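Structure record follows, encoded as structure tokens.
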Amino acid sequence: MKNSSNQHGLRSVGPFLLYVLRRFPLSWLAFALTFVLLLLEYLGISLMIPLAASSSGSSGGRVVAFWAKAVSLVGLSPSLLTWVWLFLVFLALRTLAGYVHGLIAFYVAKQVHRQLSSDVFSRVLLSVPMSHVYRRTIGHYVSLAGDDTFRAGTLINSAFTILANIFSAGAGLVLLLLFSTQIFGATIAFLAISALIVLIGIKAMLRFNARSIAIARETHTTFLEGLNGLRSIRSLSSERYLLSTYGEQTMRYTRLQFEIEAVRTGTRVVPGLLALLTGVILFGPWFADRVTLTPETVFAGTTILLRVFAALGVLMSATNVFLADARAAKDLGELIAAHEDAIDGSGDISVAKQPGDFSSVGLSQVTYAYAGDRPVLDKLSYRFEHGRTYAIIGPSGSGKSTLADLLLGLLEPDSGQIHLSDQSDVSCSPSRLKGQVVLVEQQPRIFSVSIRENLLLGLARDDQALWEALDIVDMRDTVQSMPAGIETVLEYQGANLSGGQRQRLAIARALLRQPRVLILDEATSALDSGTRDIVVERIKRRFSAGILIFITHDHKIADLVDEVLEIQAPSRSPSPTSA
């Protein structure tokens, strides 16, 4: 299973890099600069050969002949000072080009990270089916939008580094072959041994990294669930348990990161260390009489060799990072699809198809089951008529909230149909009801922005509409008494409001959207009976021409509506009764 996941991540890399080149034109400049850097680097290194030849008085072969002809074309003499001067020129140009290349590559990587992170968030908000969201942990999405997109961005840097060092090592080996066939042959033999070590290291890297990603997501989930459930955790005196769980997860993650770094560094250091130890043995005092190379030749050859091994070392390190990031960002295909969704606007509520006028919403033999479970709703048939109010009651787990999700278009029925009725029944996809059906939950989501922004959440409404909605839920005086009135910034999860105030604010937010169907899922459970009766009566008057549905365990709410839908166990049929 892990190997399949690794291969899936690697297969995604090619399309991902093509996507980056297509969407981020600046990446082409970084790509071109990679070859400029390579050219400047080896022009400079190749000058080691004429430098050695000038010092020893040897001819220097084809490389020296090339440089002698090149400098004569620009009016320079082929002397030791010329070689030194040219070496410094190329070194300076290479340093400057490397600085520019690094900045451009970093900028492209961060732009990729920013774009993908934004697009993942967009896709989760607009497009991912709720059935998928329900099956995954919150850590999955935090990791997808954070760690995975960050690693996807670093893939760009790694890809450029790998490309540069492949050509750098290759060019170095060609230069080494021109310089000395004996040294070249020994180097190839040594590289074969080093390759085996590196392959073992890469295999270990992939194994460790796969485990670290899973633990990272578990850690994200534990932290966020602890933060969101802090009140419950403290009331249950379970702080130590959660701290112990989080501590154990972070300990495992840290240990795996250390192991990854040890292997990653080792694949870079071990080959170079073996090369140096070989040199120490070959050039040691016990072999001194057998060495016939001049010091200048040794210097030039060593310089080229070190550059080859440095390139190979960086190549191995970058490859390790690249493979780790490819495995970490195994959802690269999903990230790219998220960007395509953001571009074409698919899933955008503002462009969703809206139904025309309809007088009722009907369900015909609707069945829904969560993955691998027995049906929550089994062949449910019912009709909600405009101008009437309803209460959906039933034991916990009977499917009341699932029915709300189906009406909202958040879930698709496994079988059966949802109808919109005018003169005749018109079958429709539940998603067509999006924007026409609005839900208020028992624990509404309050955001750390002003009361105005919490009411609007991007909607365009004037102040009169805001205050009218607050009047309906009996919140005008409360809001006006706050330090900044309707501009008061609310604390995390609305901590500076009571539970009942949060519920009423959420109901006002829903009313501002003027839906045709309003579902209140235990949305008045935190209100005292007097306030509840006032608010419910005002909502009924405001919604006299729409469909108002209460999902409730409160039989007093059931007494205030026109009709009650009691949902029984899946094996039993629902029984509508008049209130």
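Given a cut-off of under 8 Å on Cα pairs at least six residues apart, what relative contact order in percent is computed for the range 360-578?
On the way: 404 pairs, mean separation 63.5, N = 219.
With pairs under 8 Å counted, the relative contact order is 29 percent.
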Exercise. Could you compute the FRET efficiency for M482 and F106, with r as their C-beta to C-beta distance and R0 at 30 Å, rounded to 0.05?
Key: 0.10
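Please give the FRET efficiency for T181 paired with A92, using the beta carbon to beta carbon distance and R0 = 30 Å, rounded to the nearest 0.05.
Numbers: r = 33 Å, r/R0 = 1.09.
FRET efficiency, T181 to A92: 0.40.
Taking neighbour counts of Cβ atoms within 10 Å as a proxy for exposure, in what order, fewest first, do T161, T267, T478 appear?
Details: T161 19, T267 24, T478 16.
Ranked by crowding around the Cβ, least crowded first: T478, T161, T267.
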Practice problem: At 7 Å along the Cα-to-beta-carbon direction for both S396 and D533, put a label point, then send me their distance in nm to one decimal. | Solution: 2.9
Practice problem: Evaluate the distance, in nm, between pseudo-label points positioned 7 Å from the Cα of Y99 and of Q417 along their respective Cα→Cβ axes. | Solution: 7.1
Quiz item: Which net charge results for the neighbourhood of L243, defined as the other residues with beta-carbon distances under 14 angstrom from its beta-carbon, given Lys and Arg at +1 and Asp and Glu at -1?
Solution: -1
Quiz prompt | Karplus-derived 3J(HN,Hα), 6.51/-1.76/1.60, for each residue of the range 239-244, Hz, glycine and proline x | solution = 4, 5, 4, 5, 4, 5
Quiz prompt | Under the Karplus curve 6.51 cos²θ - 1.76 cosθ + 1.60, θ = phi - 60°, whole-Hz ³J(HN,Hα) for the range 206-213, x wherever Gly or Pro sits | solution = 4, 5, 5, 5, 4, 5, 5, 5
Quiz item: How do V535, V74, V449 line up, fewest other C-beta atoms within 10 Å first?
Solution: V74, V449, V535
Quiz item: On full extension of the chain, what length is gained from D559 through D462, given 0.36 nm per residue of separation minus the C-alpha to C-alpha distance?
Solution: 31.4 nm
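Specify, per residue and in Å³, the volume enclosed by the convex hull of the alpha carbon atoms belonging to the range 360-578.
On the way: hull volume 28.0 nm³, N = 219.
Taking the convex hull of the Cα positions in the range 360-578, it is 128 Å³ per residue.
Taken together, the values in this text are just the output of simple stated rules run on the coordinates, not laboratory data. Model, not experiment: these values are computed from the prediction. Here Cβ is always computed from backbone atoms with ideal geometry, including for glycine, and neighbour counts include all displayed protein chains.
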